[in-house]
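For reference, the structure is listed below as structure tokens.
Each reported figure results from applying straightforward, stated rules to the coordinates on display, with no laboratory input. Just so you know, these numbers come straight off a predicted model, no measurement behind them. Positions of Cβ are generated from backbone atoms using ideal geometry, with glycine treated the same way; all protein chains shown enter the neighbour counts.
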Amino acid sequence: MKKRFYRKRAELFNVLNKIKLWPSRKGVLHGIRSIEIRGEEAKITTHCNKEFYQKNSRNSRAGRWLRNKWFLKPCSACRIPEWKLQKYSSTSFQRHQGSSLTHSAPGGKVSAP
């Protein structure tokens, strides 16, 4: 699988939109169905129909777990495919290399996070 690089200090919501995975506090990796961003908070819905709110923080527990790829097991209810877990495990977060995960605004303009 091709190795992917993302910037280490990217905004949490941009990382979540790209990876579509969420590590819970118990170490279970969930698949994200939808993310509704409301200012500095987002409503996250997983494939196992759990809903919660998360603040946008680069230093959060979830951000660290995503960058370091820490999880105990994937959620059985979310049914994360094996190819997605392999893609997740081949992703590297480095400080000065890779995509900065900026999102494009309507009209094709790129806006920085």
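Potential lengthening of the chain between Ser76 and Ser90 amounts to 2.9 nm, from the contour at 0.36 nm per residue minus the alpha-carbon distance.
Here is the list for the range 1-94: chymotrypsin sites (Phe, Trp or Tyr not before Pro) lying in DSSP coil, each with at most 12 other C-beta atoms within 10 angstrom of its C-beta, are Trp70.
A Förster radius of 22 Å, combined with the Cβ-Cβ distance separating Lys3 from Arg61, puts the computed FRET efficiency at roughly 0.30. 3J(HN,Hα) couplings calculated from phi for the range 46-51 with the Karplus curve 6.51 cos²θ - 1.76 cosθ + 1.60 (θ = phi - 60°) are, in sequence order, 8, 5, 8, 6, 8, 10 Hz; Gly and Pro show x. Sites listed here are GluC sites (Glu not before Pro) in the range 1-76 whose DSSP assignment is loop and whose Cβ has at most 11 other Cβ atoms within 10 Å: Glu40.
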